[in-house]
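Asks: First the structure, which I've put down as structure tokens, then a few questions once you've had a look.
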Amino acid sequence: MLDIKLIRENPDYVRQRLATRGAGDEELIQTILQNDERRRKTLAEVEALKAERNRVSKEIGALMAQKQTADAEARKKETRELGDRIAKLDKDAKAFELARDEVMLRLPNLPHETVPVGRSAEENVVVRTHGEKPEFAYQPKSHVELCENLKLVDFARAAKLSGSGFLLYTNWGAKLERTMIQFLLDLHTKEHGYTEVSPPFLVAPHCLEGVGQFPKFKDQYYGIAEGDDTSKLGHLYLIPTAETPVANIHREEILKETQLPIHYCAYTPCFRGEAGAAGVGTRGMIRVHQFDKVELIKIVKPEEGYDELEKMVANAERVLQLLGLHYRVVQLCTGDMGFASAKTYDIEVWSPGQGSYLEVSSVSNCEDFQARRMNLRFKTASGENRFPHVLNGSGTALARLFVALVETHQQADGSVKIPMPLRAFLGTDRISP
RNA sequence: GGAGAGAUGGCAGAGUGGUUUAAUGCACACGCCUGGAAAGCGUGAGUGGCUAAAACCCACCGGGGGUUCGAAUCCCCCUCUCUCCGCCA
């Protein structure tokens with residue numbers, strides 16, 4: 001959520017920055033300003049009336065105490081309709097506030113100045129690449145073929161269980177998946193200083209609202225009903241990312257400055273409806289309804305937000321470096337960034353089987369956009385309450401990492417060589433047919 | 001799922017309709033006292049809004065609604081916590 005004061009005092013600036021996203025949200029500013037103005041006017045009025053009422057009520061109390069009942073009754077009569085006017089104005093003010101906030105919640109974050117302006121992914125900027133595309137003396141196999149040959153994933157039976165877009169890892173595939181989770185958690189906790197947490201996989205809707213997934217993108221997530229009791233639909237949702245529960249851990253708190261920075265790291269499965277996304281490029285493991293991910297979350301002082309962002313990208317890159325994978329880091333342009341983000345880097349790993357790069361990580365600084373929605377603050381040494389920057393980044397998404405791993409390290413004999421850091425965890429240096 | 005109890009300021013804990021628009025204690029900050037400290041004494045201190053800032057003022061006693069001139073206090077609904085029972089990994 002943007003700062004209402006910023007919108008109030010500098011609406012043209014906000015319009016301009018929003019326009020760079022190409023979302024067409026600029027007109028909403030007018031609605032916000034209108035309702036905000038009405039609310040403030042009503043509030044001033046009703047507060048004066050309340051002051052009056054408080055004063056008179058106190059007088060009545062004093063009269064009653066002195067047993068001057070007749071006088072008290074007279075004063076009561078006088079003030080009777082004051083309450084009605086207050087009730088009405090209170091209601092109005094609340095309605096204006098609701099109308100204002102409803103629109104506020106649908107406004108995306110303002111892009112940071114350093115973000116290139118552009119309309120779509122085509123205008124993203126490659127910041128750096130690491131390593132070279134691996135070369136093969138033969139046509140490299142796709143992960144689907146490799147997984148089937150090596151019996152790492154049973155696509156057909158997964159569909160039998162849950163429909164398309166789900167995975168059944170088997171034998172070495174299951175072990176490899178588990179191994180990578182542990183490798184990632186160990187890396188980020190032992191070497192990068194993150195604190196491991198394991199959150200619920202179901203969350204209340206206010207958590208989705210807190211990070212900006214609600215209300216605008218409500219149709220993309222799985223809501224849960226208990227048994228056949230559909231009346232409880234909407235009380236809990238399957239998390240689309242660990243960001244949802246973990247970023248909300250300290251919602252509605254006022255942290256001590258000394259508690260910052262907070263660095264969390266969590267493994268969770270992620271559940272995504274991906275409505276309308278089915279069809280293109282969906283074969284295999286690249287776009288699925290459930291995948292594993294290790295997520296990084298930071299809560300930091302605003303002045304440290306962008307340093308922390310760069311560090312977080314480096315932490316995610318380290319994963320791919322250790323696994324011997326070729327990748328590039330892309331800075332998203334204004335038009336391609338997520339709703340809550342002010343600045344985002346994607347990390348894309350090379351997939352020899354697809355002949356293209358796959359997004360395995362997205363690292364964003366959401367500045368205070370989410371903190372406002374969550375009412376998450378910290379108290380400075382001078383006693384001031386401020387909103388911290390909240391960052392999130394994948395460290396990394398697993399299904400696609402799995403794809404890149406088996407495709408990159410496939411051998412001519414059909415086996416897959418296991419990168420060094422995983423061998424001790426997995427207990428083998430090679431998976432063979 | 002059933003029965004009961006509860007939710008008050010950082011913590012503890014008073015407060016069942018009006019000088020309580022939150023006592024008191026602990027912890028906290030500052031000052032006095034002291035050679036220094038402890039104790040003692042005094043002052044202050046929560047969150048949001050309003051304001052250029054402040055004062056004043058308004059709101060906030062789990063959340064929402066109601067009764068009343070006036071609600072932490074009475075009534076209704078909801079959420080959460082605790083205890084016991086049932087079921088259960």
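The values are calculated or read from the model by the stated rules, or taken from the named source; none is laboratory data. Fair warning: this is a prediction, and the values are worked out from it, not measured in the lab. Heads up, the Cβs are rebuilt from the backbone with ideal geometry, glycines too, and the neighbour counts pull from every protein chain shown. The accessibility values were calculated without ligands, DNA or RNA, using every heavy atom of the protein model including side chains. Shrake-Rupley method; radii C 1.70, N 1.55, O 1.52, S 1.80 Å.
Asks: Distance between Cα centroids, region A:71-101 to region A:1-17: provide it in whole Å.
Replies: 32
Asks: Let me ask another. Tell me, in nm to one decimal, what length is gained between residue A:430 and residue A:125 on full extension, where the rule is 0.36 nm per residue of separation less the Cα-Cα distance?
Replies: 106.2 nm
Asks: In region A:4-104, carbon and sulfur make up what percent of the accessible area (probe 1.4 Å)?
Replies: 51
Asks: Quantify, in whole percent, the carbon and sulfur part of the accessible surface of region A:121-431 (1.4 Å probe; protein heavy atoms only).
Replies: Answer for region A:121-431: carbon and sulfur cover 47 percent of the accessible area.
Asks: Just from its helices, what would the mean residue ellipticity at 222 nm be for chain A, if runs of 4 or more DSSP H residues each count -39500 (n - 2.57) and the sum is divided by every residue, rounded to the nearest 500 deg cm²/dmol?
Replies: So the helix-based figure for chain A works out to -12500 deg cm²/dmol.
Asks: Give the cross-link partners of residue A:417 among the lysines, using a straight C-alpha distance below 24 Å as the criterion and excluding same-chain residues fewer than 8 apart.
Replies: A:133, A:141, A:151, A:175, A:293
Asks: Let me ask you something else. Among A:426, A:371, A:285, which residue has its Cα positioned farthest towards the positive end of the charge dipole of chain A, with +1 placed on the Cβ of Lys and Arg, -1 on the Cβ of Asp and Glu, and the dipole taken about the Cα centre?
Replies: A:371
Asks: For residue A:23 and residue A:136, what does the FRET efficiency come to when R0 = 51 Å and r is the distance between their Cβ atoms, rounded to the nearest 0.05?
Replies: 0.75
Asks: Can you give me the accessible area per residue for region A:121-431, using a 1.4 Å probe, in Å²?
Replies: 42
Asks: Want the number for residue A:233 to residue A:69: 0.36 nm per residue separation, take away the alpha-carbon distance, what's left?
Replies: Taking 0.36 nm per residue and subtracting the Cα distance, the gain is 53.6 nm.
Asks: Is region A:72-131 rounded, prolate or oblate when judged by the Cα gyration tensor, a ≥ b ≥ c being the square roots of its eigenvalues, rounded requiring a/c under 1.5 and prolate requiring a/b larger than b/c?
Replies: Prolate is the answer for region A:72-131, as a/c is 1.5 or above and a/b outweighs b/c.
Asks: Kindly provide the GluC sites (Glu not before Pro) of region A:229-321 that DSSP labels as loop, not H, G, I, E or B, and whose Cβ sees at most 15 other Cβ atoms within 10 Å.
Replies: A:252, A:253, A:274
Asks: Could you give the dipole magnitude of region A:1-131 about its Cα centre, charging the beta-carbon of Lys and Arg +1 and that of Asp and Glu -1, in debye to the nearest 20?
Replies: The dipole magnitude comes to about 540 debye.
Asks: Around residue A:194, which amide H atoms from residues at least 5 apart in sequence, or from another chain, sit under 5 Å from its own amide H, with H modelled in the peptide plane?
Replies: A:189
Asks: Need one word for region A:4-104: rounded, prolate or oblate. Basis is the Cα gyration tensor (sqrt eigenvalues a ≥ b ≥ c); a/c below 1.5 gives rounded, then a/b vs b/c decides.
Replies: prolate
Asks: For chain A, with a Gaussian network of springs between Cα atoms less than 10 Å apart, report the residue from A:164, A:415, A:231 with the top mean-square fluctuation.
Replies: Per the Cα network of chain A with a 10 Å cutoff, A:231 tops the list.
Asks: May I pose another question? Considering only C-alpha atoms, what is the centroid distance from region A:376-417 to region A:349-370, in Å?
Replies: For region A:376-417 versus region A:349-370, the Cα centre distance is 9 Å.
Asks: Here's another thing I want to ask about it. Under 14 Å from the Cβ of residue A:330, count the other residues' Cβ atoms, weight Lys and Arg +1, Asp and Glu -1, and hand me the total.
Replies: After counting each charged neighbour, the total is -4.
Asks: For residue A:256, give me every one of the lysines with a C-alpha distance below 19 angstrom, ignoring sequence neighbours fewer than eight places off in its own chain.
Replies: List returned: A:298, A:301, A:379.
Asks: Now for a separate question. At a 10 angstrom cut-off on C-beta neighbours, averaged per residue, how do the peptides A:372-378, A:135-141 rank from highest to lowest?
Replies: Answer by packing, highest mean first, reads A:372-378, A:135-141.
Asks: On to the next question. Quick one: putting +1 on the C-beta of Lys and Arg, -1 on the C-beta of Asp and Glu, what dipole do you get for chain A around its Cα centre, in Debye to the nearest 20?
Replies: 820
Asks: Next question, about the same structure. May I ask you to give the solvent-accessible area per residue for region A:4-104, in square angstrom, as obtained with a 1.4 angstrom probe?
Replies: 65
Asks: For chain A, build the charge dipole from Cβ charges (+1 Lys, Arg; -1 Asp, Glu) around the Cα centre, then report which of A:297, A:389, A:62 sits farthest towards its positive end.
Replies: Result: A:62.
Asks: Follow-up question, since we're still on this one. Using all C-alpha to C-alpha distances in chain A, build P(r) with 20 Å bins and read off the rounded percent in each one.
Replies: 22, 48, 21, 7, 2, 0
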